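Undergrad: This is the structure, below, for whatever I ask next.
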Amino acid sequence: MKKASIIGLGDILKGDLGVGCYIIDALEQERMGDSIHLTYMADDPRYAGGLLYEADLAVIVAAISMGGPAGTIHRWNYRIFQQNFVWLINEFHSIEFLVDALGRTELAGGFPENLLFLWIEPKVTEGVTLSKEVLNAIRPTIQIIKKNLFERGFLPENALKISPIYRLELIRRTA
C-alpha cells in the first residue's frame, strides 16, 4: 500500500517558528485518506524515521530563517538538503535529530521515494501568534503539499481546491 507522510516541525510558543503545527492542523481539517499520515513533531524529529520509512512521498515543513523576506516558501529536495544540512544543524539544533532520523531510515533500506522540504521564512520568533506574512504563506504551502499528493496518486483532482481554514483565524495578530 502506498504511504505518504507529512511532518510539521517547530515550536508553537515561538511565533512563526510553529507554523508546521498550523499546517498539519489545517490539513487535518480535510479528508486526506488513510494512506496519508499527518504528524506534528514540535522540535524533536528524532523519531521521524518510522514515519519516513518506505514512504512513497514525505514532506517536511517548518519555519527556518534563511535571510529572505518573511513568508517566502523555499522548496528543497533531498539533494539540496544534503548540501546545506551542516549549516542547518549549526543554525537550528533540532535539525540534527532530523538528519539522524533520515540516516537511520536510509540505513534500514526504507528511505522515502520522494522527499520534499518546505521551509517558510519567519518574521516573529516569540509569542503564540503568527505574523501576517507567515499566515499568508500557509495556503500556498498547503497547495504545494496537496499538488504533490495529487501528482503521486494520493488525492483526487477535486482535492486541489482551496478549502477554508477555520481554526487559523484565532491566531491572527491583532496589532
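Undergrad: Between LEU155, LEU168, LEU130, which is touching a Gly at 6+ places or on another chain (Cβ under 9 Å), surrounded by 15 or more Cβ atoms within 10 Å (Cβ to Cβ) and at pLDDT below 95?
TA: On the way: LEU168 fails: touching a Gly at 6+ places or on another chain (Cβ under 9 Å); LEU130 fails: at pLDDT below 95.
So the residue among LEU155, LEU168, LEU130 that is touching a Gly at 6+ places or on another chain (Cβ under 9 Å), surrounded by 15 or more Cβ atoms within 10 Å (Cβ to Cβ) and at pLDDT below 95 is LEU155.
Undergrad: Do any helices (runs of 4 or more DSSP H) lying entirely in segment 1-120 carry at least 2 residues that are under 14 Å from the mean Cα position of the chain (by Cα) and among the charged types (D, E, K, R), and which ones are they?
TA: Values: elements: 19-28, 49-52, 78-91, 94-107.
Fully inside segment 1-120 and qualifying: 19-28.
Undergrad: If you take the residues of segment 1-31 that are free of Cβ contacts under 8 Å to residues at least 60 places away in the same chain and β-branched (Val, Ile, Thr), which of them is nearest to TRP119 (Cα to Cα)?
TA: Restricting to residues being free of Cβ contacts under 8 Å to residues at least 60 places away in the same chain and β-branched (Val, Ile, Thr), the top hit is ILE7.
Undergrad: Please pick out the residue among GLY20, GLY15 that is buried (at least 19 other Cβ atoms within 10 Å of the Cβ) and touching a Lys or Arg at 6+ places or on another chain (Cβ under 9 Å).
TA: Numbers: GLY20 fails: touching a Lys or Arg at 6+ places or on another chain (Cβ under 9 Å).
Result: GLY15 is the single residue among GLY20, GLY15 that is buried (at least 19 other Cβ atoms within 10 Å of the Cβ) and touching a Lys or Arg at 6+ places or on another chain (Cβ under 9 Å).
Undergrad: Still on this structure: With of a type in the set (S, T, N, Q) and within 30 Å of LYS2 (Cβ to Cβ) as the only criterion, which of THR125, THR129, THR105, THR72 stands out? So that I can check it myself, show each step before the final result.
TA: Details: THR125 fails: within 30 Å of LYS2 (Cβ to Cβ); THR129 fails: within 30 Å of LYS2 (Cβ to Cβ); THR72 fails: within 30 Å of LYS2 (Cβ to Cβ).
THR105 is the lone residue from the list that is of a type in the set (S, T, N, Q) and within 30 Å of LYS2 (Cβ to Cβ).
The values are calculated or read from the model by the stated rules, or taken from the named source; none is laboratory data. Treat the numbers as computed from the prediction; the structure is a model and nothing was measured. Using ideal geometry, Cβ is built from the backbone for each residue, glycine included, and neighbour counts are taken over all protein chains shown.
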